[in-house]
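For reference, the structure is listed below as structure tokens.
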Amino acid sequence: MCLAIPGKLIAVAQDQNGVRMGRANFAGIIKEVCLEYTPEAECGDYVLVHVGFALGKVDEEEARRTYEALESLNQLGDLDTPGIEEGESPLGLGPPRTELEANSVAASGSKSSTVGEVL
């Protein structure tokens with residue numbers, strides 16, 4: 001069975017190849033996600049992510065219900081990525097920002113054309 005997990009977007013930018021990417025917070029675990037299938041998604045939105053691709057947006061209430069269900073089934077540990085150290089970027093984009101740092105960048109209105117500059 002395949003499962004898409006909701007994550008809150010904390011940063012959005014384009015990588016060096018022009019692919020729309022972002023960082024999403026999954027119950028405290030920050031992961032990079034491709035946003036090419038969800039062009040309407042912005043910082044602060046919740047997106048459903050499957051194998052690294054954001055497939056659609058959900059509201060905060062739906063995300064909360066999903067996490068409660070996963071927690072009741074002891075499945076939140078499955079979000080960890082074996083072999084990747086905390087803070088290491090699997091795509092080589094640098095260490096993840098905290099949600100607070102990302103929100104301050106978003107609030108400043110600072111936009112960048114590359115992921116490395118925003119993330």
Looking only at region 37-59, count how many residues are more than 10 Å from the chain's Cα centre (by Cα), within 15 Å of ALA4 (Cα to Cα) and not basic (Lys, Arg). 8
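Of everything in region 35-47 that's surrounded by fewer than 20 Cβ atoms within 10 Å (Cβ to Cβ) and not charged (D, E, K, R), which residue is nearest to ARG65 (Cα to Cα)?
Restricting attention to region 35-47, the residues satisfying the condition of being surrounded by fewer than 20 Cβ atoms within 10 Å (Cβ to Cβ) are 36-37, 39-40, 42-44.
With not charged (D, E, K, R) added as a condition, the list becomes 37, 39, 43-44.
Numbers: TYR37: 23, PRO39: 24, CYS43: 20, GLY44: 17 Å.
Here the residue is GLY44.
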Does region 48-74 hold any residues that are part of a loop (DSSP other than H, G, I, E, B) and either buried (at least 16 other Cβ atoms within 10 Å of the Cβ) or among the β-branched types (Val, Ile, Thr) (or both), and which are they? VAL51
Quick one: how many residues across region 1-34 are in a loop (DSSP other than H, G, I, E, B), farther than 19 Å from THR66 by Cβ and free of Cβ contacts under 8 Å to residues at least 40 places away in the same chain? 3
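Across region 2-14, what is the number of residues that are within 12 Å of GLU36 (Cα to Cα) and out of contact with any Asp or Glu (no Cβ under 9 Å at 6 or more places or on another chain)? Explain how you work it out, then say what you get.
Within region 2-14, the first condition is being within 12 Å of GLU36 (Cα to Cα), and the residues that meet it are 12-14.
From what is left, the residues that are out of contact with any Asp or Glu (no Cβ under 9 Å at 6 or more places or on another chain) are 14.
So the answer is 1.
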Any residue in region 48-71 that's more than 19 Å from THR38 (Cα to Cα): show its pairings with residues that are not in a helix (DSSP H, G or I) at Cβ separation under 6 Å, as long as the two are six or more apart or on different chains. THR66/PRO6; TYR67/ALA27
Reported set for region 35-47 where residues are touching a residue at least 40 places away in the same chain (Cβ under 8 Å) and assigned to a loop (DSSP other than H, G, I, E, B) is CYS43, GLY44
What residue, among those in region 1-36 that are closer than 19 Å to GLU62 by Cα and not aliphatic (A, V, I, L, M), is farthest from the chain's Cα centre (by Cα)? CYS2
When only residues in region 1-26 that are surrounded by fewer than 16 Cβ atoms within 10 Å (Cβ to Cβ) and among the hydrophobic types (A, V, I, L, M, F, W, C) count, which is modelled with the lowest pLDDT? MET1
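The values are calculated or read from the model by the stated rules, or taken from the named source; none is laboratory data. Note that the structure is a prediction, hence the values are computed from the model and not measured. Every residue, glycine among them, receives a Cβ derived from its backbone with ideal geometry; neighbour counts consider all protein chains shown.
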